[in-house]
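Student: The structure follows.
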């Protein structure tokens, strides 16, 4: 089946109906393995047991940025190809990305208090991640503020493309500015600086959370497609009642 | 159990489980609600022009 064939709401519903249970099961199984390995991993020589927070904080940070990147791609689909499934994908991702960005900030603060002595500092990494959360919330607010769904979709697409400039700022803020937040330690030139005993559980947790995010997104997209069908059917029912 | 900072670790995992659990629950309940309303309209004989629902 060609990729473009999938970009049809009816085909998407048929395929996702088959894939979603397996994707959800695989996500939960991967997370179970990841947490099992994470809680058996040794304590860090500097952070002690507090390093356990990193097994969720780091994936939340990656996925908050990944989710926003998917939003930006969907925004291109809305504005360039005007594809209805792109608008569905865009609308479905915003609340999910917002939760991941929120959890990144909360778990980071709970790690920061014992390690840095403070829940929050206005450094470039933390502030740009807060801006990312505010962008997600802004997209949700914008969609609910505009009554016409097509107009709301286009406005949200423009905002998400403009806001995408923040994603590389989040990623490279620790290189561009002097921050309290430590620099990249997994994806960096010269390889990871994390020992394999902690890197593997981290990567497995990250993979599990990625599958979970995709499963949630797929489920939310299915609901959004049905919601649009419901809107059409309700309008039709109202029109039939008016002419009866 | 997790050393002197155990509360911070438990709070991190607890908040994450709560937030993701709430998100998953909302996703499922929202989906069910929309499907139920669609089925109600369907049972009243209201159809989309291109009826191709699963």
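Student: Need one number: nm distance between label points at residue A:162 and residue A:8, each 7 Å from Cα along Cα→Cβ, rounded to one decimal.
Tutor: Those two pseudo-labels are separated by 3.7 nm.
Student: Among A:71, A:161, A:15, which one shows the highest mean-square fluctuation when chain A is modelled as a Gaussian network with alpha-carbon springs under 10 Å?
Tutor: Result: A:15 has the largest fluctuation of those listed.
Student: Follow-up question, since we're still on this one. Taking square-rooted eigenvalues a ≥ b ≥ c of the alpha carbon gyration tensor, is the protein assembly as shown rounded, prolate or oblate, where a/c under 1.5 means rounded and, failing that, a/b exceeding b/c means prolate?
Tutor: prolate
Student: Against the longest principal axis of chain A, how steep is helix A:196-243, in degrees 0 to 90 to the nearest 10, with axes from Cα atoms?
Tutor: Helix A:196-243 and the main axis of chain A meet at about 20 degrees.
Student: Next question, about the same structure. In deg cm²/dmol and to the nearest 500, what is the mean residue ellipticity at 222 nm of chain B if only DSSP H runs of at least 4 residues count, each as -39500 (n - 2.57), divided by the residue total?
Tutor: -26000 deg cm²/dmol
Student: Rounded, prolate or oblate: which one fits segment A:1-79, using the alpha carbon gyration tensor with axes a ≥ b ≥ c (rounded when a/c is under 1.5, else prolate when a/b beats b/c, else oblate)?
Tutor: Oblate, because a/c is 1.5 or more while a/b does not exceed b/c.
Student: Here's a follow-up. Helix-only estimate, please: 222 nm mean residue ellipticity of chain A, summing -39500 (n - 2.57) across DSSP H runs of length 4 or more and dividing by its residues, to the nearest 500.
Tutor: Roughly -27500 deg cm²/dmol at 222 nm, from the helical runs in chain A.
Student: Here's another thing I want to ask about it. Neighbouring Cβ atoms within 10 Å as the yardstick, rank A:56, A:78, A:146, A:225 fewest first.
Tutor: A:146, A:225, A:78, A:56
Student: Under 10 Å, Cα contacts only: if you run a Gaussian network model on chain A, which one of A:98, A:206, A:152 comes out with the highest mean-square fluctuation?
Tutor: Per the Cα network of chain A with a 10 Å cutoff, A:152 tops the list.
Student: Let me ask you something else. If you rank A:131, A:58 by fewest surrounding Cβ atoms within 10 Å, what's the result?
Tutor: Exposure proxy ranking, most exposed first: A:131, A:58.
Student: Taking Cα centroids, how far is segment A:228-244 from segment A:100-173 in Å?
Tutor: Taking the Cα centre of each part, segment A:228-244 and segment A:100-173 sit 38 Å apart.
Student: Let me ask another. Which whole-number percent is the relative contact order of chain A (Cα, under 8 Å, 6+ apart)?
Tutor: 32 percent
Student: Between residue B:19 and residue A:237, take the C-beta separation as r, use R0 = 41 Å, and let me know the FRET efficiency to the nearest 0.05.
Tutor: For residue B:19 and residue A:237, the calculated efficiency is 0.65.
Student: Based only on other Cβ atoms within 10 Å, what is the fewest-to-most ordering of A:91, A:52, A:171?
Tutor: Lowest to highest Cβ neighbour count: A:171, A:91, A:52.
Student: Rounding to the nearest 10 and keeping the result within 0 to 90°, find how far the Cα-based axis of helix A:124-145 lies from the longest principal axis of chain A.
Tutor: With both axes taken from Cα atoms, the answer is about 10 degrees.
Student: Next question. What's the angle, to the nearest 10 degrees (0 to 90), between helix A:54-79's Cα axis and the longest principal axis of chain A?
Tutor: The answer is roughly 30 degrees.
Student: A further question on this structure: Sort segment A:163-239 into rounded, prolate or oblate with this rule: let a ≥ b ≥ c be the square roots of the eigenvalues of the Cα gyration tensor; rounded if a/c is under 1.5, and if a/c is not under 1.5, prolate when a/b is larger than b/c, oblate otherwise.
Tutor: oblate
Coordinate-derived values only; no laboratory data. This one's a predicted model, so the numbers in the text were calculated from it and none came from an experiment. Methodologically, a virtual Cβ is constructed for each residue, glycine included, from the backbone with ideal geometry; neighbour enumeration extends over all protein chains shown.
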